[in-house]
Amino acid sequence: MTSVLTLNESVLRGCDHFSLRPFVGASGLLLLILTMCVAIKAQVTTDSPGEDPYLVEGLSDTIAYGMGRSIKINGTVKNGAIALGGDVIVQGTVEGDVAAIGGSVIQLDGSRIGGDVIVIGGAYRHGDQTPNRNASSTTIMYVGYEQELRNLLRNPTEMVTPHWSAGYIGLRILAILFWFVVSLALTAAMPETISKGIARLQLTTFRVAIIGCVGAGIIGAGVPFSLHYLPTALSAVIGLLAILLIVSAGLFGRVIIYAATGRWLQRKCLPFGKNSESVALLLGTSFWIALSSLPYVWPFVFAGIIVTSLGLALTARSRGWVRRQQA
């Protein structure tokens, strides 16, 4: 009898044999979706609403893909099936795992699934009272947001295109106010730290950016490596330290970037308030929030802020910028 695991949080499971589980990590999916669109373009076809599912007939030795559409397996697929933004309908036989993200897995009467069933957003439905499954197989479901995931996977450009509305503009204004208040509080609490960070950013911008890129690369590769190869306790500590570094660097880095940008805008654009720290913070915050609201631009803005913030954090104890300032 198959075991069933239904989760309302993210599901992370390891396996020693080939399966489709690496495809269904939510974070990896969102980061790789645009690349996958190009990589499997030659293998799959997208559909429009109302179009029939893509049919898989006969014997297939490869994974059956469906990008932005449902797939229906009438024949035999030996290496698993996955649909991104659609359903997997099994009427024949699938020897490997079956996964659907932004859709459901539907096992019709008389069909067989030999591996695990993994569903994110939809549900697992079967016609037979006891589905024809491997006794050691597992069913993993993340319930909720099916339509949102389906729309996102069928139209990936929605990830980088904001939907202009009164609510969206209101959220942007709230973001400006929130970061303005946070910047004021941190500047008042740690004026020397913020001032040194601004000076470091202005004097060694290129070096800060390079160090931030290197740091981001090390964290991005080092954390998965530690989780896979190091003992659990040590890898957990490394992961927590990496998260703490990113959160603290992102917080202080944003404030420093906003303040430095606001001071530059004061000098260039305003005939008044050139010595007001509050005006500088408001200008810098408004500038970056507005820039991060532009279609197709905001991912690069966000990445630039994170990388620069990491560079500022990793060069916090550097003395080179002090010597430049004195010179």
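Each reported figure results from applying straightforward, stated rules to the coordinates on display, with no laboratory input. Just so we're clear, the structure is a prediction, and the values are computed from it rather than from any experiment. Cβ placement follows ideal geometry from the backbone for every residue including glycine, while neighbour counts extend to all protein chains displayed.
Structure notes:
- Per-residue Cβ neighbour counts within 10 Å put Met67, Met190 in the sequence Met190, Met67, beginning with the fewest.
- Pairwise centroid distance, computed over Cα atoms, of segment 117-187 with segment 198-229, Å: 28
- Order by protection proxy (mean Cβ within 10 Å, highest first), peptides 295-305, 200-210: 200-210, 295-305
- Rg and Dmax of segment 71-214, Cα atoms only, in Å: 25.0, 72
- Fewest-first ranking of Asp87, Asp52, using other Cβ atoms within 10 Å as the exposure measure: Asp52, Asp87
- Note on Thr130 and Cys269: the extension gain reaches 42.9 nm, defined as 0.36 nm multiplied by sequence separation minus the Cα-Cα distance.
- Listing Cys213, Cys269 from fewest to most neighbouring C-beta atoms within 10 Å gives Cys269, Cys213.
- From the alpha carbon centroid of segment 241-305 to that of segment 74-91 is 47 Å.
- Efficiency of FRET between Thr205 and Ala166 - r from beta-carbon atoms, R0 35 angstrom, step 0.05: 0.40
- Cα→Cβ-extended label distance, 7 Å offset, between Ser195 and Ala242, nm: 3.7
- Each 10 Å bin from zero holds the following percent of Cα-Cα pairs in segment 162-326: 10, 33, 34, 18, 5, 1.
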